[in-house]
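Student: Mind having a look at this structure? Questions to follow.
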Amino acid sequence: MFEVLVFVYENYWRGDACPEWEHLERKLNLVGFEAEEIQEALTWLTGLSLAAQGSHNVGQGGKDGAGEGTRNRPELTTGLQLPELLPPQATALPPSANSMRVYSIAEQDHLGSECLGFVSFLESAGVLPAHMREIVMDRAMAAPGDPVCLDDLKIIVLMVYWSLGEEPDALVLDELCDDTRDRVAH
């Protein structure tokens, strides 16, 4: 699944540049990905699209800046055509500045200490705000692996940035794309 996600990230500048499901599925088949891997990735991307659309509602009272008629349309975030699944009241309040995220046992087990430490690092560096962290956590919990490996989590973080139409700054991108196993400690 992660190879498909990397292909999508590398070939479509932003989520809204991604074609509809049928076109994307055909393209992935032509490239040579297996049908099961494609379906798993498309299911995962559907969840990402819904989560990203929900994050646009956080703190905006349900308005995404494009008017009432677009609030419940996840395809505006990723370019993918999805059903109208979000009710009009599906909004959340932004977290308090003094709030603290406590990870459930299931999250701790599924992500492991290395991934949770990396999420904490990104948060403390100020590059993973609370709404994005929650999307990362949601999509990481939907990812295969027990625990999820750090390289897969980095792909998930990149896909969250991608789905929100944001590009991480150069230092974050370097941290997400660099293979840290070859680094020498000073």
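Each reported figure results from applying straightforward, stated rules to the coordinates on display, with no laboratory input. Computed from a prediction, not measured in an experiment: that's the story for all the values here. Cβ atoms come from the backbone with ideal geometry, glycine included; neighbour counts cover every protein chain shown.
Student: If you plug each phi of the stretch 124-138 into the Karplus form 6.51 cos²θ - 1.76 cosθ + 1.60 with θ = phi - 60°, what whole-Hz ³J(HN,Hα) values come out, in order, with x for Gly and Pro?
Tutor: Karplus-based 3J(HN,Hα) across the stretch 124-138 equals 5, 6, x, 9, 10, x, 3, 5, 6, 4, 5, 5, 4, 5, 4 Hz.
Student: Would you kindly derive the ³J(HN,Hα) couplings of the stretch 98-110 from the backbone phi angles with the Karplus curve 6.51 cos²θ - 1.76 cosθ + 1.60 (θ = phi - 60°), listing them in order in whole Hz, with x for Gly and Pro?
Tutor: Per residue, the Karplus-derived 3J(HN,Hα) values read 9, 6, 9, 8, 10, 7, 5, 4, 4, 5, 4, 5, 6 Hz.
Student: Which FRET efficiency value, to the nearest 0.05, is calculated for Ser113 and Arg26 with the Förster distance at 35 angstrom and r the Cβ-Cβ distance?
Tutor: 0.30
Student: Working out 0.36 nm times the residue gap between Asp151 and Ser99, then minus their Cα-Cα distance, what length gain in nm do you get to one decimal?
Tutor: 15.9 nm
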